[in-house]
Each structure stands twice: as C-alpha cells, then as structure tokens.
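The values are calculated or read from the model by the stated rules, or taken from the named source; none is laboratory data. Note that the structure is predicted; figures quoted are calculated from it, not measured. Here the Cβ positions follow ideal geometry from the backbone for every residue, glycine too, while neighbour counts run over all protein chains shown.
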Amino acid sequence: MRSILRVGLFGLGVTLGLSTALALPQNTVYVDSHAASGGNGSAAAPFRKIQDAIDAPHTQSGDTVLVAPGVYVGRVEIDRPLTVRSSHGPLSTVIRAAVGQDTVNIMSGSLEGFTVVKKNGAGDARVVTLSVATNIRRCIVLGAPMLDGIAFTGSGTVSHCLVSECGEALRFFGYPGGRISNSILRNNSHPSQAFPPSPAPVFFEYCVVDSVVGPSTCFTAPPLLRSIASHDFHLRSTSPCIDAGDPNSPLDPDGSRADIGPLPFDPNWTPFEIYCTAKVNSLGCTPTIDAAGNASASAAVPFEITCSNTLNQRSGLLFYGYGPRATAYQGGYLCVASPVRRTALLNSGGSTSGTDCSGVFSFDFNAHIQSGADALLEPGVEVFAQFWSRDSDSSFNNNRSDAVRFVVLP
C-alpha cells in the first residue's frame, strides 16, 4: 500500500463531524483504492472498489462502508440501508464515473464526504440520484452543462453540499417532500431557485441559490469561495456562508454555528506555501519560486508554478516529490525528498542577448496532473516542488530555487 502524505500541512476541514450525529454502526467494511486485490473488507485487507464492499455478502443493513482517500472510477449504487462514508472528506476522496455511466445512485442509505464527478458520457442525465429516505452529506458534485447534478426520484435529503458545473443543479421527478439545506448551488448552466415548502417538491433552507421564490431562509449573495473555476471551494474569510447555516444543525469542528457548504471555514487554509532556501546564482540574483491558482485534478484552468530572477536563455526543469527536505547540496539546498519526478526541459527566456536575470521558468502543473503521467497525483496528495537550472559559472554548474508545497484538490 502506498505511503503518501495527504493534506498534512493544510488540513481537510471536514474530517471531523461527518459521523458525530450518527449512531454507532453495526459493522465497518473498509475500502482502499490502493490496497492489494482480493481483500475481504477488513481493516487489514480492504476492498479496492466501493461497489465490492456494498455488494459483499457479509455487508449488512446498518453497516458503514468506510472509504480511504483515493479516486474510485465506476458507478456506485447503494441499494440497502448503508452509510458509505469517506474517512478524510471530499478533498481527497473522489468517485468518478466511467465513460457511459452515471456516477452514484442512492436507492437506500447515505453517501457522506465525497467529491462526485461526471464530465463525460453524453446522454446520461445526472451525477447523483436520490430515492426515498436517502441522504447525501458533505459532498461536492461536479458535472457538465448537459447533466443534472442531483436528481430526486423520492424524498431524499441533501445537506452541506455544493453542486457546480452542471446543467440543472437539482431535478425533481415527483415524490415531493425532499429537503436540501446548508448547501451551495452555483455556477450551473441553469439558475437554481429556492421555493417555500409548498407546493414545491423539495424544501430549501439555508442555501445559496441564484434566486428565491417566496419566503425562504436561502439567499442569493455570492458565496465567496476562493475559486470556483480552479475548484478551490474553501470559504473566504468574508464569505456570507460562515455561521449562516441552520442553527439547529450540529456545530462546526471549531464549535461555531454551522457554515453553509461542504467545507467549514478554515482560517489556516492556503492553496500553496513557499519554503526552503534558494541558491544565489552566478550574477548574485536569488531565483524566486511562486505559483498562481491551485492544483486540481479536474479544473479547466492552469496552476502555474513559476521561477523568476533566473539567468536568461537557460535550460531548466521542475522536479517534485511527496515529502519535504532541507539538505545542503552543491552550494544550495535540496528541498524535495527522494524519490523525485522531473518534468521535461524548460527554457527561461528573457533577454535575447547578454547575460542577466530576466529569465522566468513556468510550468502548468494542472496540465501535468490531468495528463495522467503520474498516477500518484490524486486529490488529497501533498506535493513538494523545486526548480533546477543550468548556471555554468556557479558551483557545480547549476542553480536551485526555493520550493513550493501544495495539495492536489479535486
């Protein structure tokens, strides 16, 4: 089984509280996408697929299927009263549909703490389907413009979720009596409207929507997420969602009133952090690493990692790994623990004549993640990266920048 540091620096924000209001399960069945094949669902030998755990003969009504961080590809159907729960929340646990499949069908039981993604498979109508007396909680639902986010075919409930990038955030197929609370429905192709309890098929309360019809506890102000486009769904410090959830809901992990959305406000969250020490180059300049955006396994926008103040017209590369280091090496510091991965050679550009420090390296790490070139780059994994470049007049004929650490988001 892999040993990858997941969200150690930044925290998940929702690991606590997913089960505080629930009764103790009869039994726990374990799932880990990185486990060896042939598991039996025990903690020592988990199943590799969520559906295998649900369908196992020894999985009984009332049990909890506890899912470790990872990406789980394929349709999930919960057809008995089970709780399917991630152990570390939606930032590191993803259910992704295979081509031509819908993603999650909840016929009974509940789904808690996942990012559910469906971006392909034209003709499939929805990302998540809820039947009678079913629940989805603390989930992020991401779709495509022609897909419904969550479809109600019965009186299911949705709480502390976010639905984005879908056609309709919600669609109803009869069976009034559903309930959606403490959730954000924004950035979908069609506006989301909150209705009063009757005659609407679903009762909205304490939600962020595009418009409100009739009396409601919902509002239309922007939720002020850090970046919907780059899939950073953390609340900004100025978000109106903070302490604005149902006052009767369980408190957030910090003891305050519930926030609206899947991720309680975390004042310490940052998409990346600079660390370690750069090596001064042969002209006396100090290369400086920086980044713009955040790392995401599915966002359509870049995460640019740059290095400025470097020698012009030089070759270099970005190397990265899964642990930090600060070891003196070749006149500078090695800031990434072994083993390391290297990108293809880059060129610093800058002035086309003479030698100066006008060079800048740039690398879109999101394109690298989404290329599939490195299977370890999954949501929830923490990455450490540093630039190397040629410098023929420096010791050992090279130079190293300082380093950046970041977490891959869904």
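Applying a threshold of 9 Å to beta carbon distances and a minimum spacing of six or more residues, or different chains, the list of pairs starting in the stretch 330-342 at a residue that is closer than 16 Å to L318 by Cβ and outside the structural domain of K279 (by TED's automatic domain parsing) and ending at one that is assigned to a loop (DSSP other than H, G, I, E, B) and at pLDDT 95 or above is empty.
Residues in the stretch 317-337 that are modelled with pLDDT of 95 or more and assigned to a loop (DSSP other than H, G, I, E, B): Y322, G323, A337. Only residues that are buried (at least 17 other Cβ atoms within 10 Å of the Cβ), closer than 22 Å to F114 by Cβ and small (G, A, S) were counted in the stretch 216-245, giving 3. Within the stretch 382-395, how many residues turn out to be within 15 Å of S315 (Cα to Cα) and not small (G, A, S)? The total comes to 6. I'm trying to understand the selection: among the residues of the stretch 257-285, which are farther than 18 Å from C139 by Cβ and among the charged types (D, E, K, R)? R257, E273, K279, listed by residue number.
Scanning the stretch 47-83 for residues that are of a type in the set (A, V, I, L, M, F, W, C) and touching a Gly at 6+ places or on another chain (Cβ under 7 Å) yields F47, A53, A56, I78, L82. With respect to the conditions (1) buried (at least 22 other Cβ atoms within 10 Å of the Cβ); (2) in contact (Cβ under 8 Å) with a residue 60 or more places away in the chain, S164 falls short on a single one, namely (1).
With respect to S198, determine if the residue is among the polar types (S, T, N, Q), modelled with pLDDT under 85 and assigned to a loop (DSSP other than H, G, I, E, B). It is true that S198 is among the polar types (S, T, N, Q), modelled with pLDDT under 85 and assigned to a loop (DSSP other than H, G, I, E, B).
With respect to the conditions (1) loosely packed, with under 15 Cβ neighbours inside 10 Å; (2) closer than 27 Å to G284 by Cβ; (3) out of contact with any strand residue (DSSP E or B) (no Cβ under 9 Å at 6 or more places or on another chain), A328 lacks only one, and its number is (3).
The C-beta contact set for the stretch 349-370 (first residue closer than 12 Å to G293 by Cβ, second residue aromatic (F, W, Y) and surrounded by 15 or more Cβ atoms within 10 Å (Cβ to Cβ), distance under 7 angstrom, 6+ apart or interchain) comprises D364/F303; F365/F303; N366/F303.
Of the residues making up the stretch 338-356, those that are within 15 Å of C307 (Cα to Cα) and either part of a loop (DSSP other than H, G, I, E, B) or in contact with a Phe, Trp or Tyr (Cβ under 7 Å, 6 or more places away or on another chain) (or both) are T343, L345, L346, S348, G349, G350, D356.
Here the stretch 261-279 is the region considered, the condition is being of a type in the set (A, V, I, L, M, F, W, C) and buried (at least 16 other Cβ atoms within 10 Å of the Cβ), and the residue that is farthest from N182 (Cα to Cα) is A278. Exactly one residue out of V209, V202, V213 is in the same structural domain as N182 (by TED's automatic domain parsing), over 20 Å from the mean Cα position of the chain (by Cα), crowded, with 17+ Cβ neighbours inside 10 Å and farther than 14 Å from R186 by Cβ, and it is V202.
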